[in-house]
Amino acid sequence: MMFGTGVGLMVALLVVTLLVVPVSFGVAARADAKVRQLAESRASHPNPVSSVAVADADKQCDRWRQLATRAWLLCGGASLVAVAVVGVLICVG
């Protein structure tokens, strides 16, 4: 009885990680694109209007960069978990 429950939980974990990987990848890719876009728009305006606008742009860029970093870490971690779960399922099955 325990064997079936353990395998069922492993399969459920695998399904969850396989859903998390593409979602986090998409978020990370979008956040990286947003950071690149903000950096390019700031570079195209060498003389900013005010230091407040520069500070706001820098804050926004930092927030997107942090989101991208977290999403890439989540994507990598979920990928590693998925690989480990598949390995365990292969050994068990």
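The values are calculated or read from the model by the stated rules, or taken from the named source; none is laboratory data. As the structure is a prediction and not an experimental result, all values here were calculated from the model. In this analysis, Cβ positions are derived from the backbone assuming ideal geometry, glycine residues included, and neighbour counts consider all displayed protein chains. Keep in mind that these areas ignore ligands, DNA and RNA; they rest on the heavy atoms of the full protein, side chains included. Shrake-Rupley method; radii C 1.70, N 1.55, O 1.52, S 1.80 Å.
Tabulated data
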item	result
Conditions (1) modelled with pLDDT of 80 or more; (2) over 30 Å from CYS91 (Cα atoms); number of the one not met by ASN47	(1)
Any hit, the range 4-18, residues being at pLDDT below 75 and either of a type outside the set (A, V, I, L, M) or within 12 Å of the chain's Cα centre (by Cα) (or both)	yes
Cβ pairs under 6 Å, 6+ apart, first in the range 65-93 and under 16 Å from PHE25 (Cα atoms), second surrounded by 14 or more Cβ atoms within 10 Å (Cβ to Cβ) and among the acidic types (Asp, Glu)	ALA68/ASP32
Qualifying residue in the range 75-89 (condition: modelled with pLDDT of 95 or more and open to solvent by 80 Å² or more (accessible area, probe 1.4 Å))	yes
